[in-house]
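Presented below is the structure to which this report refers.
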Amino acid sequence: MGKKIFISYKYADRLVRQLQGSSFWQPTTVRDYVDILQSKIDKSDHINKGENDGEDMGSLADSTIGSKLGDKIFDSSVTIIFISKGMKENKPDEDQWIPWEISYSLREQSRQYANSKTNAVLAVVLPDENGNYEYFMEYNATCNSNTYKTDRLFTVLKENMFNIKNPETRICNGSTIYSGYHSYIYSVKWDDLINNINQYIEISLTIWRNRNDYNIRKSV
């Protein structure tokens with residue numbers, strides 16, 4: 001595939017399905033899922049990972065944040081966001097790393113000898129500590145559709161879902177159901193992604209090629 005990939009995730013979130021080999025003293029975190037993805041992705045791809053949770057943003061100026069993220073994201077073409085149950089802390093989006101990483105991934109930037117375009121973005125939904133996805137994605141068998149609980153997301157992530165300019169919709173049981181690639185940030189369950197990684201990254205790139213069809217929010 002040969003893509004440069006940036007991964008944004010909540011490093012120490014433990015509200016995920018425990019992997020084989022985990023223990024009370026060494027529980028699974030989101031970072032363990034990132035490591036699995038990296039081990040399975042094409043060797044031609046280059047991965048940059050997001051910031052460590054231990055780094056406090058409170059003492060960093062906006063210019064410093066921009067410089068740190070810019071160096072990692074500038075030459076990437078795909079951003080993968082790991083959605084996990086505990087990814088969002090009870091503090092403003094501006095004080096958390098993930099919204100900034102998404103925002104910088106979506107911006108177009110210029111440097112002396114190069115330009116950086118808006119990245120393709122893929123949201124990977126991790127199973128929670130009970131092995132379920134319903135905290136974010138819930139299947140509706142009657143309408144053959146998924147309900148996305150976007151209210152629990154960061155604003156920049158939420159507003160880049162269901163943001164196609166001319167949606168194809170239908171009504172089922174009084175609810176509006178979207179068809180096709182309705183979101184600039186496409187969502188896929190971990191268990192589906194890990195069996196066909198290239199397919200879902202290609203979906204994000206297909207959407208990126210048609211990015212002018214979407215109202216993309218680029219600010220935190």
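Of note:
- Karplus 3J(HN,Hα) series, Hz, for the stretch 190-200 with 6.51 cos²θ - 1.76 cosθ + 1.60 (x for Gly, Pro): 3, 5, 7, 4, 5, 8, 7, 4, 4, 4, 6
- Zero-based 5 Å bins, Cα pair distances in the stretch 85-220, whole percents: 2, 9, 17, 20, 22, 17, 9, 3, 1, 1, 0
- Along the stretch 25-30 the Karplus relation, 6.51 cos²θ - 1.76 cosθ + 1.60 evaluated at θ = phi - 60°, assigns HN-Hα couplings of 7, 9, x, 5, 10, 4 Hz to successive residues, with x for each Gly and Pro.
- Net length gained if the chain between Lys149 and Glu168 were fully extended (0.36 nm per residue, minus Cα distance): 4.9 nm
- Taken along the Cα-to-beta-carbon direction at a fixed 7 Å, the label points for Glu108 and Ser179 span 3.2 nm.
- Cross-link pairs Lys3/Lys49; Lys43/Lys218; Lys85/Lys218; Lys165/Lys189; Lys40/Lys149; Lys10/Lys158 - those with Cα-Cα distance over 20 Å: Lys43/Lys218; Lys85/Lys218; Lys165/Lys189; Lys40/Lys149
- Calculated from backbone phi, Karplus (6.51, -1.76, 1.60) coupling profile of the stretch 39-44 in Hz, x at Gly/Pro: 6, 9, 6, 3, 5, 6
- Extending 7 Å from the Cα toward the beta-carbon at both Lys91 and Asn198 defines two label points whose distance is 4.2 nm.
- Amide H contacts of Ile7: Asn48, Lys49, Gly50, Ile80, each under 5 Å away and 5 or more positions distant or on a separate chain (H built 1.01 Å from N in the peptide plane; Pro and chain starts excluded).
- Between Asn132 and Arg14, the contour length at 0.36 nm per residue exceeds the alpha carbon distance by 41.1 nm.
- Residues of the chain: accessible area per residue with a 1.4 Å probe, Å²: 51
- Loop-located trypsin sites (Lys or Arg not before Pro) in the stretch 148-188, at most 14 other Cβ atoms within 10 Å (DSSP): Lys149, Lys165
- Nearest-20 debye value, the chain charge dipole, Cβ charges on Lys, Arg, Asp, Glu: 520
- Cut-off 12 Å, label 7 Å out along Cα→Cβ of Asn140, residues of the stretch 177-220 by amide N: 177-179
- A cut-off of 5 Å between modelled amide H atoms, ignoring neighbours fewer than 5 places along the same chain, links Ser145 with Asn140.
- Note on exposure: Trp100, Trp25, Trp190 ranked by accessible area (1.4 Å probe, complete protein assembly) read Trp25, Trp100, Trp190, with the most exposed listed first.
- Highest-MSF residue in the chain out of Ser76, Ser204, Ser179 [GNM, Cα springs under 10 Å]: Ser179
- Amide H contacts under 5 Å for Cys172, placed H, 5+ residues apart: Ile177
- Extension reserve of the Ile47-Thr206 stretch, reckoned as 0.36 nm per residue once the Cα distance is removed: 55.2 nm
- Computed over the stretch 161-220, Kirkwood Rh from alpha-carbon pairs, angstrom: 12.9
The values are calculated or read from the model by the stated rules, or taken from the named source; none is laboratory data. All of these numbers come straight from a predicted model, not from anything done at the bench. Cβ sites come from the backbone with ideal geometry, for glycine too, and all protein chains shown count toward neighbours. Only protein heavy atoms, including side chains, enter the accessible area calculation; ligands, DNA and RNA are left aside. Shrake-Rupley method; radii C 1.70, N 1.55, O 1.52, S 1.80 Å.
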